[in-house]
Amino acid sequence: MADTVLYELTDGLATITLNRPDAMNALNTEVKEALRDTLRQAAEDPAVRAVLLTGTGRAFCVGQDLKEHIGLLAEDRERGGEGRTMRTVGEHYNPIVTAIATMPKPVVAAVNGVAAGAGAGFAFAADYRLVADTASFNTSFAGVALTADSGVSWTLQRLVGPARAADLLLFPRGISAQEALDLGIAARVVPAAELAAEARAVARRLAEGPTGAYAAIKESLAYSAAHGLLDSLAKEDELQGRAGASEDHRIAVEAFVKKETPRFLGR
């Protein structure tokens, strides 16, 4: 993988780190392609049971690299059309968010600093957000005359409600870690010095858990967000049948009866 996106797999936990600290992990084409491909690799690898996504330096990710973006806009104007610039949504952002949100394993976002624009979108798409007390969020899209992308129109209103989502998108501003916790964006806020260790502990616990059940939980939440009660009940029936037939369920029940701690296999 490219040096701008680091990948480490240890005992079922894949750690993916955005690594352009001098640019606050801004998303140029190299980073977007590497992140997309790395997430797909983690999603498809049966050895991966949980994913930890974070950044190096002062930022989690500040979104699109506007320096590269300006150059691409100039090229598009010379060609007299839209060209390459906004194709990045379909080629990069959509696949990245899809991989995070739909992979059959939990994704923890360790938000170590500013998460803005698409960077905020990637964090919103994760299953669990652990946020440093010095970190912040900003939708930022309207500030550069753009609409929401990277899934933010879908994820943000499900986290904070439609009215607050509209406010944060129409009037972008910095959202402190404490406000993110109050709004429901952050699952937990921890001191910045403790973030790496706490995030690894959370992700490690998930990697050691019943991966198939976690995948079903992700699927049921996504399904029920867009369906009514009766359809959601039917989906729960389907998914619970699958989970109940798993080896991990058998292990958990046997361990409960014996008053032992289950050791899940992820199948």
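The values are calculated or read from the model by the stated rules, or taken from the named source; none is laboratory data. Note that the structure is predicted; figures quoted are calculated from it, not measured. Cβ atoms come from the backbone with ideal geometry, glycine included; neighbour counts cover every protein chain shown.
If Thr38 satisfies every condition in (1) among the polar types (S, T, N, Q); (2) modelled with pLDDT of 95 or more; (3) more than 14 Å from the chain's Cα centre (by Cα) but one, which is the exception?
Going through the list (1) among the polar types (S, T, N, Q); (2) modelled with pLDDT of 95 or more; (3) more than 14 Å from the chain's Cα centre (by Cα), Thr38 breaks only (3).
What are the pairs, 6+ residues apart or on separate chains, where a residue within the stretch 221-246 that is not assigned by TED's automatic domain parsing to the domain that holds Thr102 has its Cβ under 7 Å from a residue that is assigned to a loop (DSSP other than H, G, I, E, B)?
Within 7 Å, the pairs are Ser246/Arg267.
As an exercise: evaluate Ser150 against (1) assigned to a loop (DSSP other than H, G, I, E, B); (2) outside the structural domain of Thr15 (by TED's automatic domain parsing) and give the number of the one condition it does not meet.
(2)
If I ask for residues that are more than 22 Å from Gln178 (Cα to Cα) and of a type in the set (A, V, I, L, M), which ones from the stretch 146-167 would you list?
Hits for the stretch 146-167 are Leu146, Ala148.
Starting from the stretch 132-145, take each residue that is among the charged types (D, E, K, R) and list its partners that are assigned to a helix (DSSP H, G or I), counting only C-beta distances under 9 angstrom and pairs at least six apart or across chains.
Within 9 Å, the pairs are Asp133/Ala177; Asp133/Gln178; Asp133/Ala192; Asp133/Leu195.
Do you know which of the residues in the stretch 126-145 that are over 14 Å from Glu179 (Cβ atoms) and hydroxyl-bearing (Ser, Thr, Tyr) is surrounded by the fewest Cβ atoms within 10 Å (Cβ to Cβ)?
Going through the qualifying residues, I end up with Tyr128.
Regarding Ser246, is this residue over 24 Å from the mean Cα position of the chain (by Cα), surrounded by 15 or more Cβ atoms within 10 Å (Cβ to Cβ) and closer than 20 Å to Pro104 by Cα?
Working: over 24 Å from the mean Cα position of the chain (by Cα): yes; surrounded by 15 or more Cβ atoms within 10 Å (Cβ to Cβ): yes; closer than 20 Å to Pro104 by Cα: yes.
It is true that Ser246 is over 24 Å from the mean Cα position of the chain (by Cα), surrounded by 15 or more Cβ atoms within 10 Å (Cβ to Cβ) and closer than 20 Å to Pro104 by Cα.
Any residue that is at pLDDT 95 or above, of a type in the set (Val, Ile, Thr) and assigned by TED's automatic domain parsing to the domain that holds Arg58 - is there at least one of those in the stretch 196-219?
yes
If you take the residues of the stretch 148-172 that are within 13 Å of Val97 (Cβ to Cβ) and crowded, with 16+ Cβ neighbours inside 10 Å, which of them is farthest from the chain's Cα centre (by Cα)?
Ala148
With the requirement that a residue be closer than 17 Å to Glu208 by Cβ and out of contact with any helix residue (DSSP H, G or I) (no Cβ under 6 Å at 6 or more places or on another chain), what does the stretch 9-44 give you?
Leu9, Thr10, Asp11, Thr15, Ala42
Could you tell me whether Ala14 is part of a helix (DSSP H, G or I) and at pLDDT 95 or above?
no
Could you tell me which of the residues Pro191, Pro210, Pro172 is within 30 Å of Asp11 (Cβ to Cβ), in contact with a helix residue (DSSP H, G or I) (Cβ under 6 Å, 6 or more places away or on another chain) and in contact (Cβ under 8 Å) with a residue 24 or more places away in the chain?
From the options Pro191, Pro210, Pro172, the qualifying one is Pro210.
Taking Ile185 as the residue in question, decide whether it is surrounded by 23 or more Cβ atoms within 10 Å (Cβ to Cβ) and at pLDDT 95 or above. Before the answer, list the steps.
Numbers: surrounded by 23 or more Cβ atoms within 10 Å (Cβ to Cβ): yes; at pLDDT 95 or above: yes.
In short, yes.
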